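Inspection log for the structure reproduced underneath, given as structure tokens.
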Amino acid sequence: MAISTEEMHARQEGVQASTQNIAQAIQEVSDRAQILVKEEIELAKAEVTEKVTVLIRGAVVGILAGVFALVGLLFLLHGFAWLAYYLLPTATNTVFWGYFLVAGVLFLVGGLAGFLAARAFKRGSPPTPELAIGEAKRIQETVKAEHPEQTI
């Protein structure tokens, strides 16, 4: 069964047309994938921008809260100094003894907090991953052992 020249040309044109269709389909898939990746990147940028904005707002509110708390603490300490002056058996117009008493208490509390912090740092440093080191040693023993099933 011989194929005529016309039939051969028709088959070659069909193969070329299907090759072109496949190339076009691949190009479309590639273009759509690029668009999809760009859209995903834009979405991720928008999400990150939104989250950063919320975090910045929260940080600003937290800083303001800290400032107000600090000012409130100053007024509280000022009141404690006047209370100490009132309760101490001192001469009239010697308010400074109340302030000295409050300052001394603050220095004692600060010293105690510093001591506890130093002790915590000494206990915590250097941080070593003891569990990971132990597991690595067991793995090394298992690899080197003649009977690995008995090392575990």
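Here are 49, 19: which of them is part of a helix (DSSP H, G or I) and either modelled with pLDDT of 85 or more or loosely packed, with under 10 Cβ neighbours inside 10 Å (or both)? Even if it seems obvious, please write down each step before you answer.
On the way: 19 fails: either modelled with pLDDT of 85 or more or loosely packed, with under 10 Cβ neighbours inside 10 Å (or both).
Among 49, 19, only 49 is part of a helix (DSSP H, G or I) and either modelled with pLDDT of 85 or more or loosely packed, with under 10 Cβ neighbours inside 10 Å (or both).
Suppose the filter is part of a helix (DSSP H, G or I) and within 25 Å of the chain's Cα centre (by Cα); does residue 28 pass it?
Working: part of a helix (DSSP H, G or I): yes; within 25 Å of the chain's Cα centre (by Cα): no.
No, not satisfied.
Can you confirm whether region 96-106 contains a residue that is in a helix (DSSP H, G or I) and under 37 Å from the mean Cα position of the chain (by Cα)?
yes
One line per residue, one yes/no per condition, for (1) out of contact with any Phe, Trp or Tyr (no Cβ under 7 Å at 6 or more places or on another chain); (2) surrounded by 10 or more Cβ atoms within 10 Å (Cβ to Cβ); (3) polar (S, T, N, Q):
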{"position": "42", "(1), (2), (3)": "yes, yes, no"}
{"position": "57", "(1), (2), (3)": "yes, yes, no"}
{"position": "65", "(1), (2), (3)": "yes, yes, no"}
{"position": "95", "(1), (2), (3)": "no, yes, no"}
{"position": "119", "(1), (2), (3)": "yes, yes, no"}
{"position": "147", "(1), (2), (3)": "yes, no, no"}
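Which condition does residue 89 not pass, out of (1) in a helix (DSSP H, G or I); (2) under 27 Å from residue 104 (Cα atoms); (3) not polar (S, T, N, Q), if it passes all the others?
(1)
Need the failing condition index for residue 66 against (1) assigned to a helix (DSSP H, G or I); (2) more than 27 Å from the chain's Cα centre (by Cα), just the number.
Only one criterion is unmet by residue 66, namely (2).
The values are calculated or read from the model by the stated rules, or taken from the named source; none is laboratory data. All values derive from a computational prediction rather than experimental measurement. Neighbour counts are summed over all protein chains in view; Cβ atoms, including those assigned to glycine, are modelled from backbone coordinates with ideal geometry.
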